[in-house]
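Structure first, then comments.
The values are calculated or read from the model by the stated rules, or taken from the named source; none is laboratory data. These numbers were taken from a predicted model, which means no experiment stands behind them. Virtual Cβ from ideal backbone geometry, glycine too; neighbours counted across all protein chains shown.
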Amino acid sequence: MRLLSFDHLQLEATADRIEIVPEGYILHGSAVFLQLPAQPRKYYRHGWQSWSLTTWLDPHLRLPNQKPALLHPMQLDPLYAFHPAPNGSWVGAVELADSNILLLGALGLETHVALHDQQLHGWYETGTGKWFVACGPESQVFSAYARHLKRQFGAAQQRPAPRVWCSWYSLYTAIEETLLQRAFDGLGDLPFDVLQVDDGWQLAIGDWTPNDKFPAGMEALADKIRASGRTPGLWLAPLLITPSSALFRQHPTWLLRDPQGKPVSAGFNWGESLYALDTTHPAVLDFLVNLMKQVRAWGYDYLKLDFLYAGALPGVRHQDIPREVALRHGLKIMREAMGNDAYFLACGAPILPCLGLCDALRVGPDVAGEWENYRDSVLLYNPTTPGTKNAILTSLHRLWLAPLLATDPDVAYFRSIQNSLSPDQKKLLQDLALLCNFKATSDLPQWLEEPERQTLRTFLETQPTIHQIDRYAFQFDDRVVDFSSAISLPMPPRGPTALKSALTGWLANQGWVMNLFYRLGKRRMKKLVSQM
Ligand code: 9PG
């Protein structure tokens, strides 16, 4: 035990070894403890991967477990889904009575922080390593942590984030070659740098060859994009595999398995169960290398690699190494194969393993054409499902990552068609993109009214000077942007709502119900597309 002393605070720390550094302390140990002077006002909980809830919480509030459990592996760190104390991945922080922030942040992988009453506890899942501790103003302690992370893991090459048109948030999986070409043509001279084809082009998750909606093939599509003066971009979920794929039948030994030999669940999507590839298996690494080379050879220079959490799920691996180390190894192999000249956007990705390897990282859950979904937010108490409020909330709490890589808050909307956001809500999402300096949209040109197209053009062409005023308010040139409307979490369901919540949770946990919803959604999209 030793005393750490900061400007206005002294506290007891337990660690194997403690070093003083200019910005705070470095602690060494597989488990470290900080004794707080009093109950903190707030706890900063950091979610595991892109989509996982990241926010300041009331430490007395026990968040209801988000539902359904079927989706836990794809929405949070499944190892801690039912952890009783406020907790988070790699880093935790508390707001003290004098408004100073005390931060405990790991400088190694597979680490977790929890708040037990008046004690911050950090631990390594396997082995031991370093921790950074600092106390002071919020922006100062988080940027100091980011500097230490940079020293440990490296950071992205400094290049401006491209302005991206991405196909997901308009056509979803209903994309087709001709529809995309029409959209690309309709963008005219709007200043986009990248046109990115999202989910819907592939044969199956695992079979990364074009399906029959892309008869001319992926190379021809990339050529078409390049001919318009833009960089071709492509979405893949390289570490994921579904039973409907040929890969699943051909290579059962490539799957991550549990100690009983059962494939580890990576969640449920596209109406079926998801599984993970074992990134320590030599044949899987060969497959990933070939896949990256293949898509580069087709002409795609911007790669959105999604559902990357699959590589770090708990399980038994070919090579017995820590799960986040296994993911980082897979990412490194893919980065080397795609080359440093490719732009690598990581999505659905555990944060720390990406540092130094990816150019950009999605820092929140998906946006949607609606602000908040009652079923998902209130009944399922799920802050990771698609929704604009969810996306703003988590992305805003990850701004401190900006010195390490480009932070992607997901796309902004400009359209009124297929969208129920109010003008203020759309503006807030656009402002978030300006704040992150990562600009993207999925709006189809034919869905934009002339003034909306003009707003989009201005958004792409201009960048305000931004200063932070307080936690959620920023000065953008001569206007103030306040994100507070996206910050509250719903009340935990009570009374009759709790009953409805239990029933909805049970239903959402059934694969057949999820499959039914998927098929209904697909039918709706098909109808929409047929009218275009
Ligand atoms: C393509 C999409 C888009 C999108 C990605 C990702 O937790 N969930 O239920 C969940 C479902 C889908 C999802 C994210 C989370 O979307 O973020 O931009 O590429 O895949 O399928």
Test set (1) closer than 21 Å to Phe214 by Cα; (2) of a type in the set (Gly, Ala, Ser); (3) within 15 Å of the ligand (Cβ to nearest atom) - Ser265 fails condition number: (1)
In the stretch 268-315, the residues that are away from the ligand (no atom under 16 Å from the Cβ) and either touching a Ser or Thr at 6+ places or on another chain (Cβ under 6 Å) or in a loop (DSSP other than H, G, I, E, B) (or both): Asp278, Thr279, Thr280, His281, Gly299, Asp301, Pro314, Gly315
Count of residues meeting criterion [over 18 Å from Asn437 (Cα atoms) and not aromatic (Phe, Trp, Tyr)] in the stretch 161-195: 19
Spans of strands (runs of 3 or more DSSP E) in the stretch 167-238 with at least 1 residues away from the ligand (no atom under 16 Å from the Cβ) and polar (S, T, N, Q): 207-210, 231-236
Options Ala97, Ala93, Ala85: the member that is in a strand (DSSP E or B), of a type in the set (Gly, Ala, Ser) and in contact with a Lys or Arg (Cβ under 9 Å, 6 or more places away or on another chain): Ala93
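Matching residues to (1) at pLDDT 95 or above; (2) closer than 24 Å to Lys42 by Cβ:
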site: Pro409; (1), (2): yes, yes
site: Phe414; (1), (2): yes, no
site: Gln418; (1), (2): no, no
site: Leu428; (1), (2): yes, yes
site: Glu449; (1), (2): yes, no
site: Leu460; (1), (2): yes, no
site: Asp477; (1), (2): yes, no
site: Ala486; (1), (2): yes, yes
site: Pro490; (1), (2): no, yes
Residues of the stretch 371-398 satisfying the condition of being within 15 Å of the ligand (Cβ to nearest atom) and assigned to a loop (DSSP other than H, G, I, E, B): Asn373, Leu380, Tyr381, Asn382, Pro383, Thr384, Thr385, Pro386, Gly387, Arg398
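Yes or no, residue by residue, for (1) loosely packed, with under 14 Cβ neighbours inside 10 Å; (2) outside any loop (DSSP other than H, G, I, E, B); (3) without any contact (Cβ under 8 Å) to a residue 12 or more places away in the chain:
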| site | (1), (2), (3) |
| --- | --- |
| Lys427 | no, yes, yes |
| Gln430 | no, yes, no |
| Ala433 | no, yes, no |
| Phe438 | no, no, no |
| Leu456 | no, yes, no |
| Leu460 | no, yes, no |
| His467 | yes, yes, yes |
| Gln475 | no, yes, yes |
| Ser485 | yes, yes, no |
Residues of the stretch 403-459 satisfying the condition of being among the β-branched types (Val, Ile, Thr), within 16 Å of the ligand (Cβ to nearest atom) and more than 27 Å from Met525 (Cα to Cα): Thr407
Counted residues, the stretch 239-252 - those being polar (S, T, N, Q) and in a helix (DSSP H, G or I): 1
Qualifying residue in the stretch 344-353 (condition: more than 15 Å from the ligand (Cβ to nearest atom) and either over 23 Å from Pro73 (Cβ atoms) or at pLDDT below 95 (or both)): no
Of all residues in the stretch 57-77 being assigned to a loop (DSSP other than H, G, I, E, B) and surrounded by 19 or more Cβ atoms within 10 Å (Cβ to Cβ), the one that is farthest from the ligand (Cβ to nearest atom): Pro59
Failed condition for Asp193, given (1) closer than 30 Å to Leu528 by Cα; (2) buried (at least 20 other Cβ atoms within 10 Å of the Cβ): (2)
